[in-house]
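Just below is one structure, and these are the notes that go with it.
The values are calculated or read from the model by the stated rules, or taken from the named source; none is laboratory data. Computed from a predicted model, the values in this text were never measured in an experiment. Counting neighbours? That spans all protein chains shown, and the Cβs are built from the backbone with ideal geometry, glycine included.
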Amino acid sequence: MKVAALQMVSGMQLVANLDQARDLLAEAARAGAELAVLPEYFCLLGQRDTDKLAIQEDFGSGPIQQFLADTARALGLWLVGGTLPLSVNDPAQRSGRVHNSTLAFAPDGRCVARYDKIHLFCFDNGHERYDEGRVLQAGRAPTLFDLPSRDGHRWRLGLSVCYDLRFPELYRAYAALGADLLLAPSAFTYTTGQAHWELLLRARAVENLAYVLAPAQGGRHENGRRTWGHSMVVDPWGEVLGVQAQGPGLVLAELEATRVADCRRQLPALSHRVLA
């Protein structure tokens with residue numbers, strides 16, 4: 001199955017971001033991708049964390065979700081929409097928090113999966129400060145969905161977002177449930193990405209003997225923020241199959257189901273776990 005990890009440099013205008021995403025998705029479709037994945041915050045990187053509250057949508061309706069459904073249908077793609085802000089069901093939390101949610105769409109435009117980011121980024125080195133918990137409501141449940149590819153293999157995909165990469169137990173749970181492709185749309189800071197991005201992605205691939213597809217934000221943004229980029233696809237043995245260092249673009253890779261099966265047969269580590 002050919003896949004595409006899309007890298008963006010999202011700005012503060014929703015329409016411009018959707019236009020950038022549409023162009024990249026069309027490029028992925030022309031290249032023959034069956035699955036295309038957008039980065040975290042593809043629809044908006046605002047001046048303030050609270051800017052995402054203004055574009056939040058109820059699950060199942062809204063212009064961002066309509067864009068994703070329509071584009072998946074028009075291009076005939078399996079499309080995973082990075083993240084977008086979805087309203088919290090609890091009325092007490094609604095005015096000040098949203099979920100940072102990944103939605104997956106089938107080529108007919110149906111939404112087939114939703115994952116709300118579980119782990120919320122917090123970082124303070126004295127110069128850069130981030131605390132997603134001020135605006136985001138954490139999700140609770142891991143989410144998988146099945147994707148029948150054109151060659152007949154049924155891929156099982158585990159969904160995650162950015163900071164989740166630092167919590168390997170999530171991915172081990174996915175592997176235990178049969179996931180052979182792990183998705184990690186992200187917006188790593190330049191500082192943390194330079195230090196840990198590739199290391200984390202390759203570790204999650206190797207320890208679970210699964211492919212990892214990680215689209216990212218990558219560049220200097222309109223709001224002054226700088227993201228690491230380096231969108232990549234990693235195979236189950238930890239080999240980097242492709243990378244986009246900075247700027248908008250896409251990483252294309254061919255995934256082989258036999259590669260996962262061969263790695264897991266040759267090194268059956270997943271069956272050797274001993275729980276304390």
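Couple of notes before you dig in:
- Of all the residues in the stretch 107-155, those that are touching a Gly at 6+ places or on another chain (Cβ under 8 Å) and polar (S, T, N, Q) number 1.
- With respect to (1) in contact with a strand residue (DSSP E or B) (Cβ under 7 Å, 6 or more places away or on another chain); (2) in a helix (DSSP H, G or I), the lone exception for ALA74 is condition (1).
- The single condition from (1) in a helix (DSSP H, G or I); (2) at positive phi that LEU165 fails is (2).
- Pairs, first over 22 Å from VAL98 (Cα atoms) and in contact (Cβ under 8 Å) with a residue 40 or more places away in the chain in the stretch 120-135, second surrounded by fewer than 17 Cβ atoms within 10 Å (Cβ to Cβ) and of a type outside the set (A, V, I, L, M, F, W, C), C-beta under 9 Å, six or more apart: ASN125/THR191; GLU128/THR191
- Of all residues in the stretch 254-270, those satisfying the criterion of being surrounded by fewer than 17 Cβ atoms within 10 Å (Cβ to Cβ) and in a helix (DSSP H, G or I) are THR258, ALA261, ASP262, ARG265, GLN266, ALA269, LEU270.
- Among (1) part of a strand (DSSP E or B); (2) surrounded by fewer than 18 Cβ atoms within 10 Å (Cβ to Cβ) - the single one VAL251 does not satisfy: (2)
- When the stretch 34-43 is filtered for residues that are buried (at least 23 other Cβ atoms within 10 Å of the Cβ) and part of a loop (DSSP other than H, G, I, E, B), the ones remaining, listed by number, are LEU38, PRO39, GLU40, TYR41, PHE42, CYS43.
- Any hit, the stretch 139-157, residues being in a strand (DSSP E or B), more than 25 Å from GLU256 (Cα to Cα) and either over 15 Å from the mean Cα position of the chain (by Cα) or at pLDDT 95 or above (or both): no
- Looking across the stretch 184-211, the residues that are under 25 Å from LEU79 (Cβ atoms), of a type outside the set (D, E, K, R), in contact with a strand residue (DSSP E or B) (Cβ under 6 Å, 6 or more places away or on another chain) and assigned to a helix (DSSP H, G or I) come down to GLY193, TRP197, LEU201, ALA205.
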